[in-house]
Amino acid sequence: MTVNFLYDALNGFGERVTAGDFPNTIGMGEASAERMAVDIKLPGGPVTSAAGVTFSVRGSDTAAGTYSAIVTGHAVSAADLNGEGYSLPIPKTKFKFLRVNAAGTFTGTLQAILNSYLGK
């Protein structure tokens with residue numbers, strides 16, 4: 001069975017070339033991000049990083065509110081990002097507004113996308 005994944009521009013958190021919050025916030029409305037994931041893509045090609053990059057999904061009750069960590073992954077090496085890629089599963093959360101953060105030092109462009117395929 002082949003599964004086709006389609007990414008909509010409304011699912012994009014944007015791109016980063018330095019550590020920090022990705023520029024876009026996603027408002028979930030009445031939907032839940034539970035069992036979805038944030039996929040990290042490399043639109044500019046391979047990246048480099050000495051110590052790896054750590055990604056976290058943060059949530060808030062309001063778009064301009066204070067964002068708290070929902071889930072934080074482990075440090076992902078450049079080799080893994082360039083090879084297998086990375087996907088951070090989102091657990092059950094009450095928050096309706098989501099942001100993604102990248103921590104660490106890297107060279108290259110990272111793109112974060114909400115993958116709406118419902119995993120396990």
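Computed from the coordinates by the stated procedures, all read-outs in this text should not be read as laboratory data. Values in this document were obtained by computation on a predicted structure and should not be read as measured data. Please note: Cβ atoms are built from the backbone with ideal geometry, for glycine as well, and neighbour counts cover all protein chains shown.
Table for the structure above
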{"read-out": "Formal net charge of residues neighbouring SER60 (Cβ-Cβ distance under 11 Å; K, R +1; D, E -1)", "value": "+3"}
{"read-out": "Spin-label model distance (nm) - SER32 vs THR54, 7 Å beyond Cα toward Cβ", "value": "2.8 nm"}
{"read-out": "Dipole-positive endmost among GLY85, LEU114, LEU98 within the chain (Cβ charges, Cα centre)", "value": "LEU98"}
{"read-out": "Orientation-averaged projected area, Cα convex hull of the chain (nm²)", "value": "7.6 nm²"}
{"read-out": "Sequence-separation-based contact order of the chain, relative, with Cα cut under 8 Å and 6+ spacing, percent", "value": "44 percent"}
{"read-out": "Per-residue ³J(HN,Hα) for the range 15-20, Karplus 6.51 cos²θ - 1.76 cosθ + 1.60, θ = phi - 60°, Hz, x for Gly and Pro", "value": "10, 9, 10, 9, 5, x"}
{"read-out": "Estimated dipole of the chain in Debye, rounded to 20 [Cβ of Lys and Arg +1, of Asp and Glu -1, Cα centre]", "value": "240 debye"}
{"read-out": "Helix-only CD estimate at 222 nm, as mean residue ellipticity for the chain, using -39500 (n - 2.57) per DSSP H run (n ≥ 4)", "value": "-1000 deg cm²/dmol"}
{"read-out": "Proximal charge balance of LEU42 [Cβ under 15 Å; K/R count +1, D/E count -1]", "value": "-2"}
{"read-out": "Residues of type aspartates and glutamates that LYS94 reaches as a straight line, Cα spacing below 19 Å, ignoring anything fewer than 8 places off in the same chain", "value": "GLU30, GLU34, ASP61"}
{"read-out": "Cβ-based net charge around PRO23, under 12 Å, with every Lys or Arg adding one and every Asp or Glu removing one", "value": "0"}
